[in-house]
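Trainee: Here it is, the structure in full.
The values are calculated or read from the model by the stated rules, or taken from the named source; none is laboratory data. Keep in mind that what you see is a predicted model, and the values were worked out from it rather than measured. Virtual Cβ from ideal backbone geometry, glycine too; neighbours counted across all protein chains shown.
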Amino acid sequence: MAYLQTDVTKVTTHVLQNMKQRGEKIAMLTAYDYSMARLLDSTKIDVVLVGDSAANVMDGYKTTLPITLDEMIFYGASVVRAISRALVVVDMPFGTYQGNSKLALASAIRIMKETGADAIKLEGGEEVLESISRILSAGIPVMGHLGLTPQSINKFGTYAVRATEDEEAERLVKDARLLAEAGCFAIVLEKIPAKLAELVTKEVPVPTIGIGAGSAVDGQVLVLQDMLGITQQFKPRYLRQYGTFGEDISNAVKQYISDVKTVNFPNEKEQY
Ligand code: KIV
């Protein structure tokens with residue numbers, strides 16, 4: 001497939017739908033702050049996700065469960081201020097939409113009003129369908145998320161690949177259909193077998209975005225810090241590192257320390 005860079009001034013959910021129809025892959029990355037989001041937007045990335053992975057890479061928590069709605073709104077608003085082209089999606093954090101569709105709508109409205117994002121994402125299938133429908137009824141675009149849903153880590157007990165057994169795979173296909181029928185504009189498929197992701201991608205009319213879900217999906221997403229090589233301890237099989245920025249930052253800081261200590265910085269030209 002030839003590389004077709006979408007020539008649009010603002011990526012919308014309709015742009016993503018058209019990309020699926022003509023087979024142009026969707027590129028999505030996470031961002032949580034203004035500086036990184038500005039860099040990403042200048043590259044013509046299609047979608048920027050303010051993921052609740054911020055709990056891990058920004059806040060240092062072991063799981064995504066502790067991050068709050070206020071924190072997600074803070075990160076979301078910082079990213080939105082930097083973006084003029086990409087579609088910005090903000091994750092709904094754990095505890096703000098499960099089992100209570102009125103709370104879900106109130107949380108989604110806060111995200112949209114206080115960040116200026118284009119859409120929200122939430123995890124789960126049939127069990128959160130009522131929340132999804134209520135949010136959609138307010139005109140808020142919803143991205144679904146199936147497979148390894150990190151907010152359910154205490155149920156799963158492990159971050160291993162999901163839906164390897166028939167029963168879970170069949171449930172996932174059913175959930176994907178339900179999300180698409182309800183009106184989700186796209187579905188993230190995390191850490192599931194490539195063949196299953198291919199099947200879902202053919203079954204649903206909306207774009208699928210994979211992370212550890214093979215190449216037959218409609219797009220890919222990675223956590224920015226992981227793909228840049230800033231997250232040092234996290235190297236799952238699906239992750240391709242496009243840089244060694246962790247090392248680069250460490251080397252730059254060591255050089256700075258040495259220059260300060262040896263009075264090599266600032267030099268004549270670097271002072272008034
Ligand atoms: O929170 C996140 O970064 C995500 C992606 C990994 C899809 O949900």
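Trainee: Against the condition touching a residue at least 60 places away in the same chain (Cβ under 8 Å), more than 13 Å from the ligand (Cβ to nearest atom) and closer than 22 Å to TYR242 by Cβ, how does ASP118 come out, does it pass?
Mentor: Working: touching a residue at least 60 places away in the same chain (Cβ under 8 Å): yes; more than 13 Å from the ligand (Cβ to nearest atom): yes; closer than 22 Å to TYR242 by Cβ: no.
Spelling it out, it is not the case that ASP118 is touching a residue at least 60 places away in the same chain (Cβ under 8 Å), more than 13 Å from the ligand (Cβ to nearest atom) and closer than 22 Å to TYR242 by Cβ.
Trainee: Filter region 233-272 for residues that are assigned to a loop (DSSP other than H, G, I, E, B) and among the β-branched types (Val, Ile, Thr); which is surrounded by the most Cβ atoms within 10 Å (Cβ to Cβ)?
Mentor: Taking the candidates together, the pick is THR244.
Trainee: Follow-up question, since we're still on this one. Which residues, counting only those in region 44-64, are assigned to a loop (DSSP other than H, G, I, E, B) and more than 8 Å from the ligand (Cβ to nearest atom)?
Mentor: Matches in region 44-64: LYS44, ILE45, ASP46, MET58, ASP59, GLY60, TYR61, LYS62, THR63.
Trainee: Something else now. Which pairs turn up if I take residues in region 25-41 that are within 26 Å of ALA213 (Cβ to Cβ) and look for partners that are of a type in the set (Phe, Trp, Tyr) with beta carbon separation below 7 Å, at least 6 apart in sequence or on another chain?
Mentor: These pairs meet every condition: TYR32/TYR75.
Trainee: Inspect all residues belonging to region 12-26 and state whether any of them is within 14 Å of the ligand (Cβ to nearest atom), closer than 24 Å to CYS184 by Cα and either at pLDDT 95 or above or surrounded by fewer than 15 Cβ atoms within 10 Å (Cβ to Cβ) (or both).
Mentor: For region 12-26, residues within 14 Å of the ligand (Cβ to nearest atom), closer than 24 Å to CYS184 by Cα and either at pLDDT 95 or above or surrounded by fewer than 15 Cβ atoms within 10 Å (Cβ to Cβ) (or both): present.
Trainee: Then there is this: Looking at (1) touching a helix residue (DSSP H, G or I) at 6+ places or on another chain (Cβ under 9 Å); (2) touching a residue at least 24 places away in the same chain (Cβ under 8 Å), which one does LYS44 not meet, given that it meets all the others?
Mentor: Among (1) touching a helix residue (DSSP H, G or I) at 6+ places or on another chain (Cβ under 9 Å); (2) touching a residue at least 24 places away in the same chain (Cβ under 8 Å), the lone unmet condition for LYS44 is (1).
Trainee: Now for a separate question. Please pick out the residue among ILE230, ILE140, ILE153 that is in a loop (DSSP other than H, G, I, E, B) and either without any contact (Cβ under 8 Å) to a residue 24 or more places away in the chain or within 15 Å of the ligand (Cβ to nearest atom) (or both).
Mentor: Of the residues listed, the single one that is in a loop (DSSP other than H, G, I, E, B) and either without any contact (Cβ under 8 Å) to a residue 24 or more places away in the chain or within 15 Å of the ligand (Cβ to nearest atom) (or both) is ILE230.
Trainee: Which one of LEU29, LEU65, LEU103 is within 15 Å of GLY219 (Cβ to Cβ) and hydrophobic (A, V, I, L, M, F, W, C)?
Mentor: Values: LEU65 fails: within 15 Å of GLY219 (Cβ to Cβ); LEU103 fails: within 15 Å of GLY219 (Cβ to Cβ).
Just one listed residue meets the conditions, LEU29.
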